[in-house]
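To start, the structure under review is shown below, and the notes come after it.
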Amino acid sequence: MQAYLRADGRKGIRNVIAVVYLVECAHHVAKQIAAPFEDNDVHVIGFSGCYPNTYALEMMESLCTHPNVGAVLLVSLGCESFNRNQLAETVRSSGRPVDVLVIQQTGGTRKTFEAGREWIRSTLVDLERVPRAEMGMHELIVGTVCGGSDGTSGISANPAVGNAFDRLVNLGATTIFEETGELIGCEQDMVRRAITPELGQEILSCMAKTANYYNILGHGSFAVGNAEGGLTTLEEKSLGAYAKAGHGALHGIIKPGDVPPNPGLYLLDVIPDGEVRFGFPNINDTAEIGELIACGSHVILFTTGRGSVVGSAISPVIKICGNPETYRRMSDDMDVNAGRILEGQGTIDEVGLEIVERIRLTAEGEKTASESLGHREFVLTYKSFEPIGPSCLPLALA
Amino acid sequence: MQNSGQYFLRLSASDNVLVVVKAILEGQELELEGLKITASKTIPFGHKVAARALNAGEKIVKFGMPIGSTTATISAGEHVHTHNLQSDYIPSFGRPGEGGH
């Protein structure tokens with residue numbers, strides 16, 4: 001695979017210019033700066049809140065120095081609390097071109113449009129000179145998420161992604177799964193798969209925190225509709241989501257923004273630490289995708305049954321549809337038809353192999369369905385995390 | 001990890017249940033991994049049937065992992081659901097006597 005080699009040594013599969021609004025008040029200006037460049041990889045990301053939040057700053061630092069990002073334009077209104085100087089300095093020290101436009105200083109909306117577009121035009125030329133380098137599977141990070149699930153997800157698309165995850169880890173890649181709120185009942189199996197007993201203990205604490213968080217929010221776990229769909233027990237339902245993680249050893253737990261230090265399979269803990277505040281951990285699938293990308297994911301595997309259409313800013317999203325009828329109805333939005341497993345037209349193993357091939361093609365530059373359709377969703381909300389404990393990454397200690 | 005005819009899907013080699021991927025009608029004669037069975041009732045898409053005869057108290061394995069324990073003896077091809085399977089995680093969930101359908 002040919003990749004873009006960044007000054008910090010990391011390798012990316014896209015060469016994105018990120019236009020970043022630092023408060024909702026700068027969102028429209030950022031969007032209009034990027035608008036004429038729809039055919040280029042110019043993506044708008046940002047944080048709406050006016051009040052500072054360490055998580056949001058760290059997420060932005062991770063995203064703006066992501067290997068798929070080549071340059072960053074920060075768009076600030078001027079009076080918001082976001083630490084634009086620290087973010088700009090982080091991007092600058094990673095060796096990427098960065099500029100900061102402060103709307104109040106530039107002279108308002110129209111002047112900032114012009115200044116931003118001019119910067120993008122010249123930066124697009126600079127980005128053509130980013131060196132290319134061979135990228136091995138050991139340098140590739142793949143995240144997975146499910147959304148718009150139905151009764152098929154757990155028996156076709158998710159096991160196929162699990163099969164692909166096992167293949168990827170065997171090829172030396174790094175894989176990340178998350179949605180701890182949907183893994184209740186899978187703790188003992190995760191402990192069994194953990195590479196050290198101490199990591200197993202961290203998994204149990206993480207899942208206890210998750211259960212407590214959702215209890216306080218009053219989030220239900222097993223509904224009547226699940227039983228009508230054929231699911232009998234809570235652990236059976238959770239295993240349908242857990243199937244995305246394959247069968248291999250679990251190498252560590254990370255939190256949003258932590259990049260796995262070694263290849264292998266990782267669990268991303270998305271549940272905030274401390275008292276329950278700021279509402280639901282992740283308000284939608286896009287928030288989860290953003291966190292997987294902040295952990296370095298070059299590409300996202302998204303399984304769906306009812307038919308989600310989303311893509312993402314920064315990293316391509318490969319959509320794997322578990323329901324054959326949905327696939328036929330919405331095939332323009334889908335990259336892989338895992339529903340054929342249910343119609344006897346393929347096996348989990350065959351679809352797993354197809355997913356790995358699709359990742360390879362995507363890494364080599366082929367557009368995914370959501371990329372072709374212009375999907376570049378992004379959302380970032382308030383959260384708070386403590387750093388991970390020393391037992392969470394056993395191989396990093398060695 | 002392969003289809004048994006058009007009706008059943010095995011998710012993992014060690015599973016003792018198969019997933020129904022095409023609705024089965026009562027009285028229908030079917031082949032289940034080489035075994036001839038007659039469906040004793042209608043079973044919808046997404047539900048499970050026993051891949052072999054099971055004793056009461058046996059672990060049910062799906063995705064290669066336990067999803068609960070049987071509360072009755074179950075014959076090969078029989079529907080496995082809330083009437084004969086209960087969670088080991090939240091034992092109260094099965095509500096024996098209430099859930100059979």
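Tell me the net charge near A:E235. Cut-off is 10 Å between Cβ atoms, A:E235 excluded, with +1 for each Lys or Arg and -1 for each Asp or Glu.
That works out to -2.
What share of the DSSP beta bridges in region A:2-133 is antiparallel, in percent to the nearest 5?
The antiparallel proportion sits near 20 percent.
Run down the aspartates and glutamates and flag those whose C-alpha is under 16 Å from the C-alpha of A:K237, throwing out any fewer than 8 positions away in its chain.
Those aspartates and glutamates meeting the cut-off are A:D150, A:E178, A:E179, A:E182, A:E187, A:D189, A:E228, B:D15, B:D88.
Count charges around A:E58 for me, please; just the other residues with Cβ under 13 Å from its Cβ, Lys/Arg as +1, Asp/Glu as -1.
-2
Hey, what does the equivalent ellipsoid look like for chain A, semi-axes from the Cα gyration tensor as sqrt of 5 times each eigenvalue, largest first, whole Å? Mind showing how you got there, number by number?
Values: eigenvalues 227, 113, 87 Å².
In descending order the semi-axes read 34, 24, 21 Å.
Give me the net charge of A:I341's neighbourhood, meaning all other residues with Cβ under 14 Å from the Cβ of A:I341; Lys, Arg count +1, Asp, Glu -1.
Local net charge: -2.
Subtract the Cα-Cα distance of A:L204 and A:E118 from 0.36 nm times their separation in residues, and report this length gain in nm to one decimal.
Between A:L204 and A:E118, full extension yields an extra 25.8 nm.
Considering the dipole of region A:2-133 built from charges on the beta carbon (Lys and Arg +1, Asp and Glu -1) around the Cα centre, which of A:Y55, A:I103, A:V42 is farthest to its positive end?
A:V42
Tell me, what ³J(HN,Hα) does each residue in region B:33-42 have, in order and in whole Hz, if you take phi through Karplus 6.51 cos²θ - 1.76 cosθ + 1.60 with θ = phi - 60° and put x for Gly and Pro?
Values per residue, Gly and Pro as x: 6, x, 9, 8, 10, 10, 5, 7, 7, 6 Hz.
Under the 0.36 nm per residue contour assumption, what length would be gained going from the current alpha-carbon distance of A:R132 and A:E357 to full extension? Could the numbers behind the result be given before it?
Working: separation 225, 0.36 × 225 = 81.00 nm, distance 2.12 nm.
Going from the current span to full extension adds 78.9 nm.
Over all directions, what mean area does the Cα convex hull of region A:1-100 project, stated in square nanometres?
Reported value for the Cα convex hull: 6.2 nm².
Determine which lysines satisfy two conditions relative to B:K41: a Cα distance under 19 Å, and not lying fewer than 8 residues away in the same chain.
Those lysines meeting the cut-off are B:K22.
Using amide H atoms built in the peptide plane, which far-off residues or other-chain residues are under 5 Å from B:H47 H to H?
Amide H neighbours of B:H47: B:V20.
Once R0 is set to 35 Å, what does the formula 1/(1 + (r/R0)^6) return for the Cβ-Cβ distance between A:I195 and A:E325, expressed as a FRET efficiency to the nearest 0.05?
Computed FRET efficiency for A:I195 and A:E325 comes out at 0.30.
Which one, A:I355, A:L204, A:V75, projects farthest toward the positive side of the charge dipole computed for the protein assembly as shown from Cβ point charges (K/R +1, D/E -1)?
A:V75
Once you place label points 7 Å from the Cα toward the Cβ at A:N215 and B:A72, how far apart are they in nm?
According to this spin-label approximation, the distance is 3.3 nm.
So which GluC sites (Glu not before Pro) in region A:190-294 are both in a DSSP loop and have at most 11 other Cβ atoms within 10 Å of their Cβ?
Listed in order of number, the matching sites are A:E275.
Restricting to DSSP loop positions (anything but H, G, I, E, B) with no more than 11 other Cβ atoms inside 10 Å of their own Cβ, which trypsin sites (Lys or Arg not before Pro) remain in region A:88-137?
Those that pass, being in a loop and sparsely packed, are A:R129.
Readers should treat all values here as calculations from the given coordinates under stated rules, not as data from a laboratory. From a predicted model like this one, the values you see are computed outputs, not experimental measurements. A quick note on method: Cβ atoms are made from the backbone with ideal geometry, for glycine too, and the neighbour counts reach across all protein chains shown.
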